[in-house]
């Protein structure tokens with residue numbers, strides 16, 4: 001029986017082999033983003049580990065490990081490369097795919113653009129060039145974190161000035177708020193489809209035109225800026241869900257500035273919540289936790305219990321992705337404590353989704369990242385019980401994660417059943433993010449020597465091809 005030199009448990013414990021991250025050959029391969037060489041070296045350090053154990057260690061699927069070890073196909077996804085290297089203690093040396101130099105994502109300088117007129121200009125520029133995902137992943141997340149820190153310390157400048165132009169009635173702002181709420185509910189029920197994007201873009205352009213051309217007093221201009229922030233933040237989230245991370249990275253800083261000029265820090269915290277999802281989904285867990293913690297400090301004394309719960313959840317997810325167990329568990333404890341204080345009058349309307357199902361689903365996701373599979377499964381099952389019938393995307397995500405936990409626990413038949421349920425739920429949802437999660441589960445199941453293990457993978461491929 002081989003015993004781990006780190007934790008003194010038997011092989012397959014999940015520890016990185018001693019000396020692996022310090023090996024010059026390994027660090028050079030990580031610098032190039034060459035996962036074939038990294039996994040080959042990992043095998044030489046830990047020859048006793050199965051491919052499934054190596055998959056758990058790196059966060060990759062067993063199928064991907066097999067392909068890398070057989071040198072059949074290199075790993076080119078920069079998100080998965082970064083996440084795997086981070087798990088192996090090599091994230092600091094990781095570069096973008098191919099190791100090429102990259103330029104920073106074009107976004108406002110963190111210390112600029114916080115005045116109302118500058119925000120209107122930034123809204124007008126949102127139709128500019130697309131930024132490649134590669135450029136985003138290499139440079140954007142630390143840039144996003146800088147935006148959040150600047151938002152937290154930016155001076156609360158003087159009251160907004162009335163503007164000249166055609167008068168704008170307050171009831172028009174109310175109608176715009178209702179329109180954003182309708183988009184939000186449609187996204188929650190059916191995913192970020194191209195149809196929703198087509199509806200959202202002209203709404204944001206219309207709000208920008210009103211801000212630049214309409215006549216309004218401060219009682220109207222502030223709420224209209226809040227609408228701009230809410231809509232830009234929602235569109236950014238929809239882009240995250242659709243896999244357009246670069247587009248989201250352009251929208252979020254503008255949404256944050258609009259919330260600031262509207263004197264609405266809680267709205268800003270909602271934007272930060274979306275930003276943390278982008279960050280931890282691209283392997284930047286520590287930065288996601290920093291952003292959520294910063295938003296907590298910025299909204300201290302103003303946030304409702306459910307807003308505090310939301311930010312604690314995001315902080316916990318960030319810490320879990322970064323493998324900082326103590327921080328993750330402390331944040332989860334804070335989330336449950338805040339949630340127990342219940343809903344209140346200060347809860348913003350856009351936080352309608354905060355529920356017991358969401359809390360347990362996020363707790364299960366954190367524990368899954370941390371390797372506590374039994375505890376994760378318990379929370380994910382509670383989430384399934386608590387989610388309403390309209391929460392199709394959320395229930396599908398919880399099923400994917402429950403199936404993953406069952407695979408790690410060796411309960412393959414139950415994992416296959418959950419996998420099929422996840423595909424059933426995901427089929428009508430237009431979510432690239434969810435489809436990729438189902439596909440990753442399918443790959444992991446397909447590598448198992450069990451009859452019918454490839455069926456979920458095949459169904460996942462059909463699902464992805466339909467998007």
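The values are calculated or read from the model by the stated rules, or taken from the named source; none is laboratory data. Remember, it's a predicted structure, so these values are computed and weren't measured experimentally. Every residue, glycine as well, gets a Cβ built from its backbone with ideal geometry; the counts of neighbours run over all protein chains shown.
Remarks
- Odd one out for residue 261 among (1) buried (at least 24 other Cβ atoms within 10 Å of the Cβ); (2) outside the structural domain of residue 207 (by TED's automatic domain parsing): (2)
- Residue within the range 277-291 that is on the phi > 0 side of the Ramachandran plot and modelled with pLDDT under 95 present: yes
- The range 429-456, residues that are within 19 Å of residue 59 (Cβ to Cβ) and touching a residue at least 60 places away in the same chain (Cβ under 8 Å): 433, 434, 436, 440, 443, 444, 446, 447, 448
- If you filter the range 319-345 down to residues that are over 11 Å from residue 370 (Cα atoms) and not in a helix (DSSP H, G or I), you find that the one that is modelled with the lowest pLDDT is 342.
- If you go through the range 371-407 and keep only what is modelled with pLDDT under 90 and more than 19 Å from the chain's Cα centre (by Cα), you end up with 388, 389, 390.
- A single entry from 41, 28, 21 fulfils the requirement of being part of a helix (DSSP H, G or I) and either surrounded by 15 or more Cβ atoms within 10 Å (Cβ to Cβ) or touching a strand residue (DSSP E or B) at 6+ places or on another chain (Cβ under 9 Å) (or both): 41.
- Checking each residue in the range 381-437 for being surrounded by fewer than 18 Cβ atoms within 10 Å (Cβ to Cβ) and not in a helix (DSSP H, G or I) picks out 388, 389, 390, 409, 410, 411, 427, 428.
- The listed residue being part of a loop (DSSP other than H, G, I, E, B), crowded, with 22+ Cβ neighbours inside 10 Å and either out of contact with any strand residue (DSSP E or B) (no Cβ under 7 Å at 6 or more places or on another chain) or free of Cβ contacts under 8 Å to residues at least 24 places away in the same chain (or both), out of 303, 316: 303
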